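This report refers to the structure that appears directly beneath it.
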Amino acid sequence: MTVKEEQTIIDVALENLLREVEGLHDDGYRLVQIGCTDIGGAYEINYSFDKGYQFKNLRLTAGPETEVPSISGIYWGAFVYENEMHDLFGIPVTGINIDFKGTFIKTAEKYPFSVTRRGGDRCRNV
Amino acid sequence: MPERIIVPFGPQHPVLPEPIHVDLVLEDEKVVEAIPSIGYIHRGLEQLVQKREYTEYVYVAERICGICSFIHALCYSQGVEHIMGIEVPDRARYLRTIWSECSRLHSHLLWLGLFADSMGFENLFMRSWQLRESVLDVLEDTTGGRVIQGTCKVGGVRRDIGQEKLDEMHRELDPFEQKCRDLGDVFLNDETVKYRLQGLGVITKDEAYALGATGPTARGSGVAMDHRETGYAAYGDLGFKPVVETAGDCYARCAVRVKEVYASIDIIRRAIEEMPEGPIDVKVKGTPDGEYFSRAEQPRGEVVHYLRGDGSKHLARARIRTPTLANIPPLVKMLPGAQLADVPVVVLSIDPCISCTER
Amino acid sequence: MAFLKRSPWILHYDASSCNGCDIEVLACLTPLYDVERFGIINTGNPKHADILLITGGINAQNREVVENIYEQIPEPKVVIAVGACAATGGVFRECYNIVGGIDKVIPVDVYVPGCAARPEQIIDGVVTALSILDEKRGKMTGAARTKEEARHAEQAGEST
């Protein structure tokens, strides 16, 4: 039997993030991934969840210096993605349960994907 | 209270071919906490997407990991095809399925060998890898590459398999399956293997699900989740049922992989029998504009390629979430309670592939 | 020390490879290729090794690890860079975190081409490395002998 996969993207505001994630957690969704995209001066952060191959995305748009609250209190395993977010993009994430403080992925160039913090113009996400 | 000591494990460690570092907090011989640190293989290849054209990035995607190479290329191609609305010919879908399952076979046999090695069962290690060579021979014969195939592309596949070769593969499947069953029998029924694995590194169904475990790590704990159920490539036509075990220990994860070897052989057999005639690729025109979360099932679990195109010939962003990264939190929960001597076995039971994890 | 050539011990380290070369290195040890019949053993301990076999390119974090391992291997030693990445950085050479090939950090004696390198090529690379190892050993024993002879001559001079 084949299950049809569906994907939905829902925009979410920073102050509602934890409440929405909590809601999905209570509905029995599992965390698939957290990923960031540079959209020119700001970040789009996708929190992806899945339940029975139904794919749901919470999309948060955050400025480069915006502090993002950690969801690791709700999904324990979120720390890998949140540390990655911090180490590669330089997004300050507050309250991670296992905070590596920038040593999870060590890179030659700090925050290689950051829109504001990186060295030159070399790695721009144009 | 016994004294606590910290034992560093890795990065260069005899049991793993790849570097991962785990700080193990021990009370006598018992692990009470495990803190992983990674980054030894981080290359930063997600950013290469801005320097390679979207059709060329398939090769980079393939080299995210040399073991699941074909499925990475498949997942990436499917994502781009979805964004561009390309319909892949039937024969290409079936060929992709055959190569995906060959990759899974070689990956699982490789893992079974390494796992046997971590238990100190050297003979079984050699037997598994011996069997694996016959899968690699088929891959080399049909694609030209042993571990990196390079046959998947946006819009289809690059090579066809002739009827003669398909017939030969079909003929060889039965004796191959018999050999796999003989091998699997040792993993499933041998007393020493059971003694070493049962009850080790247990993770319950709810924990596994909540921690976001995927692939055999999740299925070994009773979570029936396998992305092949969504019917990408030709899995929809061939029908598919996930292999599930319920114990949640190292033995269950091993049993899932052994049974998936049998399942893969079965899928290849049916794909060869039902192989449709026709072209193997379509011409790709234009550039991708849009976004998609492409997902596929790798030997290690579900892989996610988030692709975003802005209408130019370079994609704006590729974010790759590999199954091993998702399986790190379950591993951190599995280790406490294990003896120090069992740590290599538990670490291997999630099938760690560090080059995927760090990209 | 002539036995070195007949039974070299190898230390394999994965710098930042995609795993493709690594599994081919391991495949060399297994029944189809079986390099152990030549007395080649894959060891986990750098102090036991004669040959350092590295796959993948150098990145920011493993640079020190590679240097450290190299220094722990006793002389004479030979370094083999397996695969395109170990030679130049390969497909990843433009990545921000890749410094380049192994020779950016330690001297490399043999380069094995391929992406991924095939087991036959890897074995060929090891065989090439053996003669280099022998040469290095020859130089070392030669130097030691000269030194020893000079010492003897000096002692002889003192006694007369």
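Read-outs throughout are calculated quantities, based only on the coordinates presented, and are distinct from any laboratory measurement. Every value quoted in this text rests on a predicted model; they were computed, and no experiment measured them. Every residue, glycine as well, gets a Cβ built from its backbone with ideal geometry; the counts of neighbours run over all protein chains shown.
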Using amide H atoms built in the peptide plane, which far-off residues or other-chain residues are under 5 Å from B:Ser37 H to H? B:His21, B:Val22, B:Asp23
For the ranges C:130-143, B:78-91, what's the packing order if you count other beta-carbon atoms within 10 Å of each residue, average per peptide, and put the highest first? B:78-91, C:130-143
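How would A:Met85, B:Met275, B:Met334 line up from fewest to most surrounding beta-carbon atoms within 10 angstrom?
Result, fewest neighbours first: B:Met275, A:Met85, B:Met334.
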Fraction of beta bridges assigned by DSSP in chain C that are antiparallel (%, nearest 5): 10
How far apart, in nm, are two points set 7 Å out from the Cα along the Cα-to-Cβ line at B:Val282 and at B:Lys30? 6.0
Give me the one-decimal Kirkwood hydrodynamic radius in Å for the protein assembly as shown, with the sum taken over alpha-carbon pairs. 25.5
Which far-off residues, 5 or more places away or on another chain, put their amide H under 5 Å from the one on B:Arg317, with H placed in the peptide plane? B:Arg308
With charges only on Cβ, +1 for K and R and -1 for D and E, what is the dipole size of the range C:1-159 about its Cα centre, in debye, rounded to 20? 120
Rg [Å, one decimal], Dmax [Å, integer] - the range A:6-94, C-alpha atoms: 12.2, 36
A 22 angstrom limit on the alpha carbon distance is what I want to check against. Which of B:Lys30/B:Lys333; B:Lys51/B:Lys153; A:Lys4/B:Lys283 exceed it? A:Lys4/B:Lys283
Part-to-part distance (alpha-carbon centres) for the range B:79-122 and the range B:311-359, which is given in Å: 17
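Sort B:150-159, A:7-16 for me by packing, meaning the mean count of neighbouring Cβ atoms within 10 Å per residue, highest on top.
Numbers: B:150-159: 21.9, A:7-16: 12.6.
Ranked from most to least packed, the peptides come out as B:150-159, A:7-16.
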Which ³J(HN,Hα) values, rounded to whole Hz and listed in residue order, are derived for the range B:326-335 from phi using the Karplus coefficients 6.51, -1.76 and 1.60 in 6.51 cos²θ - 1.76 cosθ + 1.60 with θ = phi - 60°, glycine and proline given as x? 5, 8, 5, x, x, 4, 4, 7, 7, 5
For C:57-69, what's the mean count of beta carbons from other chains sitting within 10 Å of each residue's beta carbon? 4
Taking the simple approach of a point 7 Å from Cα along Cα-to-Cβ for both C:Thr146 and A:Arg59, what is their distance in nm? 7.2
Quick one: Kirkwood hydrodynamic radius for the range C:3-159, alpha-carbon pairs, angstrom, one decimal? 16.5
Helical contribution to [θ] at 222 nm, DSSP H n ≥ 4, -39,500 (n - 2.57), averaged over chain B, rounded to 500: -14500 deg cm²/dmol
Run the reach check for C:Lys139 against lysines, Cα to Cα strictly under 16 Å, same-chain hits fewer than 8 apart removed. What comes back? C:Lys5, C:Lys77, C:Lys147
Rounded to the nearest 20 Debye, what is the dipole magnitude of chain B about its Cα centre when Lys and Arg each give +1 and Asp and Glu each give -1 at the C-beta? 940
